[in-house]
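The values are calculated or read from the model by the stated rules, or taken from the named source; none is laboratory data. Just so we're clear, the structure is a prediction, and the values are computed from it rather than from any experiment. For neighbour counting, all protein chains shown are included, and Cβ atoms are generated from backbone atoms with ideal geometry for every residue, glycine included. In case anyone asks, the SASA skips ligands and DNA or RNA and just uses the protein heavy atoms, side chains included. Shrake-Rupley method; radii C 1.70, N 1.55, O 1.52, S 1.80 Å.
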Amino acid sequence: AIKDKYIDVSVSDNQMEAYLSLKVPEGIEEISVNDVLYKLLEVGVEKGIDEQMITRLIKARQPVHKAVAARGKSRSDGRDAEIKMSIDTDETPKPLIMDDGSVDFKNINLIKIVDKDQLLAVKLPATPGEAGYTVTGRTLEPRPGQDCTLPRGKNTYSSEDGLQLYSSLIGNVYLSDGMMHVENIYVVKGNVDFSTGNISYPGDVVINGDVKADFSVHTEGNIIVRGTVEAAEIVSTGGNIEVKKGIIGTQKEKK
């Protein structure tokens with residue numbers, strides 16, 4: 001067509017943009033929007049065409065050099081599934097700060113106690129993502145998000161939709177191998193000392209080591225100490241107290 005010499009269209013290498021160059025027609029000839037659209041289609045451009053901008057450029061009757069006349073849409077990859085903990089499972093000791101500003105290193109809040117049917121974790125599902133396209137009409141498929149499963153360990157259960165994790169009993173919650181577990185028995189692997197702080201727990205407590213002087217163990221259940229008890233306070237309001245290797249020094253033992 002005679003108007004072709006006034007219209008030039010090119011496409012970027014990645015086919016995400018099409019460029020329009022215009023020369024001002026001589027004499028009474030005029031370029032229409034359809035003339036430009038035809039030229040775009042001729043080079044395979046069929047999506048993301050900005051007709052409003054093309055109209056403005058033609059009406060301005062000014063030379064145009066490589067204006068973006070069509071723009072593709074980038075794909076949007078899906079979001080991976082994510083687990084949000086509803087319980088603080090951080091086992092870093094956090095000494096108790098008293099009202100007067102002093103720090104009590106014997107109360108470090110290591111035990112995370114949960115109720116029966118308490119929410120432990122929530123899963124945010126993966127999303128499929130959103131497809132994109134090039135100006136030439138090629139679909140850009142998104143990468144769907146990767147799925148993951150709830151960290152369902154001992155004495156926990158999930159909701160029917162698999163998006164919530166709950167405790168099936170009253171006990172202490174902890175992470176092990178990436179799974180959340182709940183136990184009604186609290187096990188101290190070593191000694192009750194500054195590494196554990198004082199123990200206060202509603203169920204049974206098993207201490208594999210010793211109870212060091214000036215520390216306390218308060219429970220509503222049974223207490224088993226596999227080592228010795230020094231000058232410490234051992235209190236069980238509803239169970240038995242058993243000390244395997246004997247008692248050293250003066251201590252308080254209550255039931």
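The table that follows gives values for the structure above.
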quantity: Residue in segment 113-130 that is within 33 Å of the chain's Cα centre (by Cα), basic (Lys, Arg) and over 30 Å from Tyr19 (Cβ atoms) present; calculated: yes
quantity: Only one of Gly162, Gly209, Gly190 that is crowded, with 16+ Cβ neighbours inside 10 Å and part of a loop (DSSP other than H, G, I, E, B); calculated: Gly209
quantity: Among (1) on the phi < 0 side of the Ramachandran plot; (2) surrounded by 13 or more Cβ atoms within 10 Å (Cβ to Cβ), the one test that Gly44 misses; calculated: (1)
quantity: Test: residue in segment 28-35 that is open to solvent by less than 100 Å² (accessible area, probe 1.4 Å), touching a helix residue (DSSP H, G or I) at 6+ places or on another chain (Cβ under 6 Å) and acidic (Asp, Glu); calculated: yes
quantity: Residues located in segment 94-105, provided they are assigned to a strand (DSSP E or B) and either among the acidic types (Asp, Glu) or modelled with pLDDT of 80 or more (or both); calculated: Asp104
quantity: Test result for Val135, of a type in the set (Val, Ile, Thr) and touching a residue at least 60 places away in the same chain (Cβ under 8 Å); calculated: yes
quantity: Check on Tyr157, surrounded by fewer than 17 Cβ atoms within 10 Å (Cβ to Cβ), under 28 Å from the mean Cα position of the chain (by Cα) and not in a loop (DSSP other than H, G, I, E, B); calculated: yes
quantity: Identity of the residue in segment 217-238, among the small types (Gly, Ala, Ser) and open to solvent by 20 Å² or more (accessible area, probe 1.4 Å), that ends up nearest to the chain's Cα centre (by Cα); calculated: Gly238
quantity: Flag if Asp77 is in contact (Cβ under 8 Å) with a residue 40 or more places away in the chain, farther than 20 Å from Tyr6 by Cβ and open to solvent by 60 Å² or more (accessible area, probe 1.4 Å); calculated: yes
quantity: Scan of segment 47-70 for residues that are open to solvent by 70 Å² or more (accessible area, probe 1.4 Å) and either of a type in the set (A, V, I, L, M, F, W, C) or under 17 Å from Val11 (Cβ atoms) (or both), ordered by number; calculated: Lys47, His65, Lys66
quantity: Inter-residue pairs, beta-carbon under 9 Å, first touching a residue at least 60 places away in the same chain (Cβ under 8 Å) and farther than 9 Å from Ile113 by Cα and in segment 162-177, second in a strand (DSSP E or B) and open to solvent by 40 Å² or more (accessible area, probe 1.4 Å), 6+ apart; calculated: Tyr174/Glu183; Leu175/Met85
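Conditions (1) part of a loop (DSSP other than H, G, I, E, B); (2) touching a residue at least 60 places away in the same chain (Cβ under 8 Å); (3) open to solvent by 70 Å² or more (accessible area, probe 1.4 Å); (4) closer than 30 Å to Val45 by Cα, marked per residue:
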residue	(1), (2), (3), (4)
Thr92	yes, no, yes, no
Asn107	yes, yes, no, no
Leu110	yes, yes, no, no
Asp117	yes, no, yes, no
Leu120	no, yes, no, no
Ala126	yes, no, no, no
Cys148	yes, yes, no, no
Tyr186	no, yes, no, no
